[in-house]
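Student: Submitted below is the structure of interest, expressed as structure tokens.
The values are calculated or read from the model by the stated rules, or taken from the named source; none is laboratory data. It should be emphasised that the depicted structure is a prediction, and the values quoted were computed from it without experimental measurement. Every residue, glycine among them, receives a Cβ derived from its backbone with ideal geometry; neighbour counts consider all protein chains shown.
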Amino acid sequence: MTKLQARNLSLLFMTSLIWGIAFVVQSVAMDYIKPYTYIFSRSIIGGLFLIPFVMIMSKREKNINYESYEKNDTINFKFSKTLFIGGALCGIILFVASAFQQIGILTTTPGKAGFITAFYIIIVPVLGIFLKKKTTIFLWIGVGIALVGLYFLCMSESLAIKTGDILVFICAFIFSLHILVIDYFTVRVDGLKMACIQLWVCGLIGLFMMLIFETPSLKNILMAWKPILYGGMLSSGVAYTFQIIGQKDINPTVASLVLSFESVFAVISGAIILKQIMTSRETIGCVLMFGAIILAQIPSKTKD
């Protein structure tokens, strides 16, 4: 594993931590506002949060000697058509996935929603086969162990299928596409700029849907300012940027495994913040998830 890959895996791990805590924060926000209002609010705040960093990086890039980069380095740090296409596409996919998840959670249990959403760890490698992404037996074993871990971690309720379960499964499929699209664009454009564009596109679509299907209340939005701020600055602004930057030079299946660790952090944050006691079942799930991620790193010694 190279230093760059180790750094990027650390960024993905931080992303899963932020998203895990966001499950608790998000549940609080839903007590005051509707799904589209939340998606719009946090996405716009995240977009605003990233603008100063984009401006700072743009000034620094003026001093970059692009000729010093290797010929096979295809990243374009400047604003380009590819950057806007990538950002817009990621923003559209992000909104659709978030919408299915938010609406689905309203009609299913959080535990089942967490388990079904994390199915992207099996969907990503399956889709990757059609995109000629290399996988190994260790990676597939890791995926299998992670699925078992997620079951122990999340599935404590009835297995009956509800409408919300179907919506959340669609969300998992769309998030899988999100990971693969990021994998395609992250080696071609600047990750920070693409993350910013992604959030603005997601937020603007959220605004449109909010005005059509919801009746937003400024009072309720202000009452939910803490979870909105966390969702905007950290879950959206920081975490999605870390995801885009972190996926560079990382096999998308490995990335999905690390990101799925958000379910573990959701349980841990619930125990710390909401004083929820972890059961032996949840502890076993956490251990299996951790083991799966360690196992998935074995093939990283070879070149993808």
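Student: Given the criterion modelled with pLDDT of 80 or more, surrounded by fewer than 24 Cβ atoms within 10 Å (Cβ to Cβ) and over 20 Å from the mean Cα position of the chain (by Cα), identify the matching residue among F208, F185, F169, F152.
Tutor: That would be F208, the only listed residue that is modelled with pLDDT of 80 or more, surrounded by fewer than 24 Cβ atoms within 10 Å (Cβ to Cβ) and over 20 Å from the mean Cα position of the chain (by Cα).
Student: Next up: Of all residues in the stretch 241-267 being under 25 Å from A88 (Cβ atoms) and aliphatic (A, V, I, L, M), which is farthest from the chain's Cα centre (by Cα)?
Tutor: Checking each candidate, the answer is I250.
Student: Quick one: is I33 in contact (Cβ under 8 Å) with a residue 40 or more places away in the chain and closer than 30 Å to V254 by Cβ?
Tutor: On the way: in contact (Cβ under 8 Å) with a residue 40 or more places away in the chain: yes; closer than 30 Å to V254 by Cβ: no.
So I33 fails the test.
Student: Taking the stretch 75-120 as the region of interest, how many residues are modelled with pLDDT of 70 or more, among the aliphatic types (A, V, I, L, M), in a loop (DSSP other than H, G, I, E, B) and in contact with a Ser or Thr (Cβ under 9 Å, 6 or more places away or on another chain)?
Tutor: Going through the stretch 75-120 one residue at a time, the tally reaches 1.
Student: Which of the residues belonging to the stretch 211-255 are more than 26 Å from I141 (Cα to Cα) and among the charged types (D, E, K, R)?
Tutor: Answer for the stretch 211-255, where residues must be more than 26 Å from I141 (Cα to Cα) and among the charged types (D, E, K, R): E214, K219, K226.
Student: Tell me yes or no: at least one residue of the stretch 133-144 is of a type in the set (F, W, Y), under 20 Å from the mean Cα position of the chain (by Cα) and at pLDDT 75 or above.
Tutor: No, every residue in the stretch 133-144 fails to be of a type in the set (F, W, Y), under 20 Å from the mean Cα position of the chain (by Cα) and at pLDDT 75 or above.
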